[in-house]
Structures are given as C-alpha cells and as structure tokens.
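Engineer: After the structure tokens below, expect a handful of questions from me.
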Amino acid sequence: MKIIDAHFHYSNLECFILAAKDNGVDYSKTGFEKEYKDNCIVSGVCMGLEELSPGSFPDNHAKTPMTYNLDILPKDFYYCAGVNPHHLNDEDMISLEKELLKPQCVGIKLYAGYYHYFLTDKVYQSIYTLALKHKLPVVVHMGDTYSQKGLLKYSHPLIIDEIAVQYPELKLMIAHLGNPWLMETAEILYKNKNVFSDLSGLQVGNKAVFDRFSAQELYLNMFRTALILADSYDKLIFGTDWPLAPLSVYIDFVKKIIPQEHYEAVFYENALRFFTKIKEKR
C-alpha cells in the first residue's frame, strides 16, 4: 500500500532532536530516506517550523515564512510554509506569498496554542485571504502542545468552526484530530464540508510506549468512537509527526483505529484531494 505522510517535521528544533534520540529515530537525511522507503511512503508534507536558538520554540523572533531543512526533502516531498503571527508585516507577507508560489509549497501552517493568538484574531485575516487567493489549504495545530509554553485555550478545535463558516471556500485541516478534544473535532468534521483532519501525533514515543497504550482497548476506543461520530473517512488524512514516533510503529497504531476498508483513502487518496499541488505517484 502506498502511503503519503501528510504531517512530519524536519527542522533543527532541539525538542525534535531530543525526541528522535529517545524514540530510536535516525534524524538525518540518510535516516529519513531509509525509514520512508522501508515503509512505502511515496510522498509527504513537511510542516515549516524554525527556532533561532536551541529550545526557543515557539520562537517569537522566527521570521515568516518558517520553512524547513532545505537539503533533506526528496523531489517528491512537499511542505507547508509556517506562520509566526509576530512577523506578519508587509515585508513578511510578500515573502510568504513568494513562498506559496513555489511548486513544493502546498499550503500554510498555523501554530495555534504555541503562539498566543486566537484563530479569529485580525492578525490572521490576511493569511486566510492569501490562502484563498492561491487556492491553498491551511493546516492548524490543534489540541495538546508539545511545549509547556503553549496555552491550550488557543488550540481548542471548536474555534475552527467559526473560521470554517466565515471562509466556506477555504480548506482547513485540524492537525492531530484536536487530541484530546476528539469529540469536538468529530462534530466539526461532520458539520463543515471544508474541514479535514490529520491523524498525526495522536501518540508520541518509542515502540514500548505505543505497545503499552495500544494494549488498552479503552484508549483505542476513544479514537474509534470519535471517528464513527465524525462519519468522515473521506476527510481523514494520515500523518505521523515524525520524528516524534518511529514510522512503522505509528502506521501500525493508525491501522488499529481505522477500519480496513478506509485504508486506501486515509493513507493515500485523501491527501491528494486536500493538498492539490501534490503530484500523484503512478
């Protein structure tokens, strides 16, 4: 089965480097290429993210657009340009628009919760307008933050409903299924045709951590119940949040919560519908 990893990272963030070491992930170009080849991942979307000094993320000084480690991605992989709401002056917006025109750039990534702005704040209005202009989707971090500096009131998925209604032609993705607010995310997916969700980062850690949690049916059933309520397997997109988990371990985990008849859609086809600039592999 061909797989598209619609949410991974390759940035020199200290937390990613440390997590990769703890999780047994080779966080290098060689490691990236081997792990993705071994797991039949034919394409993917890297989420642009930067910090200017070790451990500073969310770094208020990182310039928009935040991109990625430019020498790592093969030609069949893509990225979303990251936005720092502290850097959205005219010059930043010109730089962001230039980035969006690049063939490898398939969308925009917002880091709600990490940056302390509600998605309805006027600072983001120009982002939604620009995304609509270029017919590109917006991916939004939702749910738990991988940093104690985050504030969860800014990353609750219910606010996506307001953006979806205000911009009905804008394709939005709730990252991480809004975990732990799974039922709220399910309702938003069910209600709004322009809202998708990726399944990245639902659990992080090494194989031992995944085995411990996956052995508990009540834990797996939280996700299964939310996905049944959402009734939106055509809008669920596989992602890993690599290097926060080994790829093979994470693929097996997602297979436990998705009915097998939806594997092809979730692991491959839905990403092509959401990120329309991704060229289909044949």
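The values are calculated or read from the model by the stated rules, or taken from the named source; none is laboratory data. Keep in mind it's a predicted model, so treat the numbers as computed, not measured. Note that we place each Cβ from the backbone using ideal geometry, even for glycine, and neighbour counts take in every protein chain shown. Areas reflect the complete protein model, heavy atoms only, side chains present, ligands, DNA and RNA absent. Shrake-Rupley method; radii C 1.70, N 1.55, O 1.52, S 1.80 Å.
Engineer: Let me spell it out: the conditions are (1) under 24 Å from Val25 (Cβ atoms); (2) under 14 Å from the mean Cα position of the chain (by Cα), and Gly178 meets all of them except one. Which number is the exception?
Structural biologist: (1)
Engineer: Could you check the stretch 223-282 and list, in sequence order, the residues that are under 14 Å from Ser197 (Cα atoms), among the hydroxyl-bearing types (Ser, Thr, Tyr) and touching an Asp or Glu at 6+ places or on another chain (Cβ under 8 Å)?
Structural biologist: Of everything in the stretch 223-282, just one residue is under 14 Å from Ser197 (Cα atoms), among the hydroxyl-bearing types (Ser, Thr, Tyr) and touching an Asp or Glu at 6+ places or on another chain (Cβ under 8 Å), namely Thr240.
Engineer: I'd like the full set of residues that are acidic (Asp, Glu) and crowded, with 17+ Cβ neighbours inside 10 Å, limited to the stretch 27-76.
Structural biologist: Selection gives Glu35, Glu50, Glu51, Asp59.
Engineer: In addition: When you check Gly239 against the structure, is it under 21 Å from Leu272 (Cα atoms), open to solvent by less than 10 Å² (accessible area, probe 1.4 Å) and either in contact (Cβ under 8 Å) with a residue 12 or more places away in the chain or touching a helix residue (DSSP H, G or I) at 6+ places or on another chain (Cβ under 7 Å) (or both), yes or no?
Structural biologist: Spelling it out, Gly239 is indeed under 21 Å from Leu272 (Cα atoms), open to solvent by less than 10 Å² (accessible area, probe 1.4 Å) and either in contact (Cβ under 8 Å) with a residue 12 or more places away in the chain or touching a helix residue (DSSP H, G or I) at 6+ places or on another chain (Cβ under 7 Å) (or both).
Engineer: Please work out if Asn270 is part of a helix (DSSP H, G or I) and either hydrophobic (A, V, I, L, M, F, W, C) or in contact (Cβ under 8 Å) with a residue 24 or more places away in the chain (or both).
Structural biologist: Yes.
Engineer: Restrict the check to the stretch 33-45 and report whether at least one residue is out of contact with any helix residue (DSSP H, G or I) (no Cβ under 7 Å at 6 or more places or on another chain), free of Cβ contacts under 8 Å to residues at least 40 places away in the same chain and within 18 Å of Tyr115 (Cα to Cα).
Structural biologist: Among the residues of the stretch 33-45, not one is out of contact with any helix residue (DSSP H, G or I) (no Cβ under 7 Å at 6 or more places or on another chain), free of Cβ contacts under 8 Å to residues at least 40 places away in the same chain and within 18 Å of Tyr115 (Cα to Cα), which makes the answer no.
Engineer: Then there is this: Across the stretch 122-146, what is the number of residues that are surrounded by fewer than 18 Cβ atoms within 10 Å (Cβ to Cβ) and under 17 Å from Asn60 (Cα atoms)?
Structural biologist: 1
Engineer: Then there's this: Whether any residue in the stretch 217-232 is on the phi < 0 side of the Ramachandran plot and touching a Lys or Arg at 6+ places or on another chain (Cβ under 8 Å) is what I want to check.
Structural biologist: Taking the stretch 217-232 and keeping what is on the phi < 0 side of the Ramachandran plot, we get 217-230, 232.
Retained after the next criterion (residues that are touching a Lys or Arg at 6+ places or on another chain (Cβ under 8 Å)): 220.
Within the stretch 217-232 (the criterion being on the phi < 0 side of the Ramachandran plot and touching a Lys or Arg at 6+ places or on another chain (Cβ under 8 Å)), the answer is yes, since at least one residue qualifies.
Engineer: Six or more apart or on different chains, Cβ atoms under 8 Å: show the pairs whose first residue is in the stretch 205-216 and in contact (Cβ under 8 Å) with a residue 40 or more places away in the chain and whose second is aliphatic (A, V, I, L, M).
Structural biologist: Close Cβ pairs satisfying both conditions: Gly205/Leu244; Gly205/Ala245; Asn206/Ala245; Asn206/Val249; Lys207/Val249; Phe210/Ala245; Phe210/Val249; Ser214/Leu220.
Engineer: It is to be established whether one or more residues within the stretch 209-227 are open to solvent by less than 10 Å² (accessible area, probe 1.4 Å), out of contact with any strand residue (DSSP E or B) (no Cβ under 8 Å at 6 or more places or on another chain) and among the hydroxyl-bearing types (Ser, Thr, Tyr).
Structural biologist: The answer is no; no qualifying residue exists.
Engineer: Looking at the stretch 154-199 only, could you name the residues that are under 15 Å from Gly107 (Cβ atoms), polar (S, T, N, Q) and surrounded by fewer than 18 Cβ atoms within 10 Å (Cβ to Cβ)?
Structural biologist: Once the filter is applied, which keeps residues that are under 15 Å from Gly107 (Cβ atoms), polar (S, T, N, Q) and surrounded by fewer than 18 Cβ atoms within 10 Å (Cβ to Cβ), the stretch 154-199 yields only Asn194.
Engineer: Now for a different question. Being out of contact with any Leu (no Cβ under 9 Å at 6 or more places or on another chain), in a loop (DSSP other than H, G, I, E, B) and at pLDDT 95 or above is the filter here, so list the residues in the stretch 64-91 that pass it.
Structural biologist: Asn84, His86, His87, Asn89
Engineer: What about Ile257, is it β-branched (Val, Ile, Thr), over 20 Å from Ser43 (Cβ atoms) and exposed (fewer than 15 other Cβ atoms within 10 Å of the Cβ)? Break it down into steps so the answer makes sense when it comes.
Structural biologist: On the way: β-branched (Val, Ile, Thr): yes; over 20 Å from Ser43 (Cβ atoms): yes; exposed (fewer than 15 other Cβ atoms within 10 Å of the Cβ): no.
The answer is no for Ile257.
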